[in-house]
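Structure record follows, encoded as structure tokens.
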Amino acid sequence: MLLITCPYCGVERPEIEFRYAGEAHIARPAEPSKLTDEEWAEYLYMRTNPKGLLAERWRHAHGCGRFFNAIRDTVSDRFVTIYKMGEAKPDLERLVVEAAQ
Amino acid sequence: MSRFNFWELAKNALSAHENWGRQWRAPEPKAEYDVVIIGAGGHGLATAYYLAKEHGVTNVAVLEKGWLGGGNTGRNTTIVRSNYLWEESEGLYDHAMDLWQDLSQELNYNIMYSARGVMMLAHTIHDIQVFKRHVYANRLAGVQNEWLTAEEAKEYCPPLNISKNMRYPVLGAALQRKAGVARHDAVAWGYARGADKYGVDIIQNCAVTGIRRGADGAVEGVETSRGLIRAKRVGVVAAGHTTTVMDMAGVRMPLESYPLQALVSEPVKPCFPCVVMSNTIHAYMSQSDKGELVIGAGTDQYISYSQTGGLQIPAHTIEAICELFPMFRRMRMLRNWGGTVDVTPDRSPIIGKTPVPGLFVNCGWGTGGFKATPGSGHVFAHTLARGEPHPINAPFTLDRFRTGRLIDEAAAAAVAH
């Protein structure tokens with residue numbers, strides 16, 4: 001079971017307190033009526049699904065109830081960093097380089 | 001290579017079974033093939049077999065990063081059934097079901113298909129409505145499926161607890177009698193042996209590192225850890241790693257890869273007559289020919305390629321098993337493991353063309369690909385040979401996520417996502 005640190009509560013808790021919410025930083029289209037079918041498909045269904053670092057959302061469902069973002073390695077399942085909603089997405093390539101050092 | 005029959009068995013028995021030949025070659029890759037298939041799991045090997053047998057395309061290579069049948073083919077819970085809801089799925093899965101019936105004879109390899117029946121339990125009013133809808137839809141389409149009361153379910157599977165005092169009492173069940181189990185490894189080995197017999201090269205320990213495309217965008221071949229292999233047609237059958245492979249060709253996929261876990265108990269004498277599944281309380285189980293209880297757990301909630309998952313997932317499943325089958329409460333579990341399953345948004349597979357000319361994909365089988373292995377290989381071989389889909393897989397396009405013609409099988413996929 002993963003151990004996850006909620007950035008709002010500031011405590012490490014077991015995964016069963018949290019609910020996964022998929023890939024992060026997928027912005028809802030500003031003007032939905034102007035989207036083509038391809039753009040809708042991209043927004044709704046296409047996912048990065050990387051083998052490596054993934055920016056993803058979690059919700060502390062049985063704690064503060066708030067959403068936050070995390071960078072996790074999908075091969076080792078290790079969390080690289082966890083950050084609050086609204087904060088900028090970290091540079092994944094730089095994180096990979098840092099992890100290698 | 002010899003054909004398996006009684007005389008061969010008797011002859012080899014005289015030499016203590018030490019002189020059986022290899023069942024497939026380990027060839028060096030050639031510079032060019034007509035078709036390259038990426039992934040030597042059940043689906044990839046079945047594709048190669050039907051390409052050679054039905055379409056006469058024998059200049060084929062099946063490339064495998066690890067070893068043959070070592071991914072989800074060797075990790076599933078061996079269940080075979082076709083009780084899906086929509087016409088498109090009924091066509092696809094029942095096509096596989098037809099092929100399962102005489103697959104051992106067809107391949108001259110005992111795949112141990114056992115039509116012992118698959119029973120799906122209903123625990124809520126909603127379950128009853130959904131399963132009855134499946135039963136009626138299936139019967140309209142000529143797919144075997146029937147409704148049982150709780151008492152009839154108990155009669156079919158005596159270990160089942162139908163007490164009204166359970167947290168989720170059994171209210172009834174949908175039963176597909178000709179569904180059952182097959183030996184998963186034997187399916188991969190049988191198809192590998194069959195394809196090899198027709199001259200297909202199965203190349204293991206050969207990871208694909210790139211997909212070479214020409215000036216017109218069409219596929220020219222694949223770059224591998226064992227050098228460039230040219231081919232005008234490439235079929236990607238890489239299950240959980242499909243996104244990784246398709247990224248090499250610059251094609252975005254509507255897939256997410258999740259861990260799916262399973263476990264087996266210590267072996268015991270035959271005591272469990274069929275396959276029982278329960279979507280609502282997340283448990284499914286059968287007994288293997290070795291006597292182990294084969295138990296399927298759910299997916300973990302997060303994307304992962306780790307081929308392992310959290311222990312709370314199988315623990316949850318075992319709690320459900322103990323409630324449904326009290327006689328197994330003192331069974332000890334021997335092993336558990338995980339596979340990486342590629343899940344589509346509508347829980348139906350993608351079998352067909354991609355935006356890249358010459359590149360074809362067969363993926364998105366999610367938590368339930370094993371049952372479709374023969375049918376999947378059969379229609380994908382047609383697609384690769386003709387360049388156009390077979391009528392059975394025509395609806396399962398990648399393009400359906402653009403057009404919106406989804407095939408929503410969330411209720412028929414036995415694992416709750």
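The values are calculated or read from the model by the stated rules, or taken from the named source; none is laboratory data. Everything quoted here is computed from the prediction, not taken from an experiment. Don't worry about glycine lacking a Cβ; one is built from the backbone with ideal geometry, like all the others, and counts go over all protein chains shown. Accessible surface areas use protein heavy atoms only, side chains included; no ligands, DNA or RNA. Shrake-Rupley method; radii C 1.70, N 1.55, O 1.52, S 1.80 Å.
Annotations for the structure displayed:
A quick yes/no check of all residues on (1) open to solvent by 60 Å² or more (accessible area, probe 1.4 Å); (2) in contact with a strand residue (DSSP E or B) (Cβ under 7 Å, 6 or more places away or on another chain); (3) of a type in the set (Phe, Trp, Tyr):
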{"site": "B:GLY194", "(1), (2), (3)": "no, no, no"}
{"site": "B:GLY199", "(1), (2), (3)": "no, no, no"}
{"site": "B:ILE202", "(1), (2), (3)": "no, yes, no"}
{"site": "B:VAL222", "(1), (2), (3)": "no, yes, no"}
{"site": "B:VAL245", "(1), (2), (3)": "no, yes, no"}
{"site": "B:LEU263", "(1), (2), (3)": "no, yes, no"}
{"site": "B:PRO267", "(1), (2), (3)": "yes, no, no"}
{"site": "B:MET277", "(1), (2), (3)": "no, yes, no"}
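- Close contacts from region B:359-380, counting a first residue that is touching a residue at least 12 places away in the same chain (Cβ under 8 Å) and farther than 13 Å from B:GLY44 by Cα and a second that is among the basic types (Lys, Arg) and surrounded by fewer than 24 Cβ atoms within 10 Å (Cβ to Cβ), with Cβ to Cβ under 9 Å and a gap of 6+ residues or different chains, come to B:LEU359/B:ARG213; B:LEU359/B:ARG233; B:LEU359/B:LYS353; B:GLY364/B:ARG347; B:GLY366/B:ARG347; B:THR367/B:ARG347; B:GLY368/B:ARG347.
- Single unsatisfied condition, B:LEU99 versus (1) open to solvent by 30 Å² or more (accessible area, probe 1.4 Å); (2) closer than 22 Å to B:MET327 by Cα; (3) not acidic (Asp, Glu): (2)
- Taking region A:12-32 as the range and being under 19 Å from B:GLY310 (Cβ atoms) and either more than 14 Å from chain B (Cβ to nearest Cβ) or outside any loop (DSSP other than H, G, I, E, B) (or both) as the test, the residues that pass are A:GLU12, A:ARG13, A:PRO14, A:GLU15, A:ILE16, A:GLU17, A:ARG19, A:TYR20, A:ALA21, A:GLY22.
- Condition met for B:GLU388 (away from every other protein chain (no Cβ under 14 Å), outside any helix (DSSP H, G or I) and open to solvent by 30 Å² or more (accessible area, probe 1.4 Å)): yes
- Complete set of residues in region B:192-232 that are in a strand (DSSP E or B), farther than 28 Å from B:LEU107 by Cβ and of a type outside the set (Lys, Arg): B:THR209, B:GLY210, B:ILE211, B:VAL219, B:GLU220, B:GLY221, B:GLU223, B:GLY227, B:LEU228
- The residue of region B:298-309 that is farthest from the other protein chains (Cβ to nearest Cβ), among those that are assigned to a loop (DSSP other than H, G, I, E, B), buried (at least 21 other Cβ atoms within 10 Å of the Cβ) and small (Gly, Ala, Ser), is B:GLY309.
- Qualifying residue in region B:311-333 (condition: closer than 30 Å to B:VAL222 by Cβ, within 14 Å of chain A (Cβ to nearest Cβ) and open to solvent by 10 Å² or more (accessible area, probe 1.4 Å)): no
- Among the conditions (1) within 14 Å of chain B (Cβ to nearest Cβ); (2) within 17 Å of A:TYR20 (Cα to Cα); (3) of a type outside the set (D, E, K, R); (4) open to solvent by less than 80 Å² (accessible area, probe 1.4 Å), the only one that A:THR81 does not satisfy is (1).
- Restricted to helices (runs of 4 or more DSSP H) entirely inside region B:73-175, those with at least 3 residues that are more than 21 Å from B:CYS363 (Cα to Cα) are B:103-107, B:125-140, B:150-156.
- Among the residues of region A:18-62, those that are touching a Gly at 6+ places or on another chain (Cβ under 9 Å) and open to solvent by less than 40 Å² (accessible area, probe 1.4 Å) comprise A:PHE18, A:ALA41, A:GLU56.
- Residue match in region B:246-258 (condition: without any contact (Cβ under 8 Å) to a residue 60 or more places away in the chain and under 15 Å from B:THR367 (Cα atoms)): no
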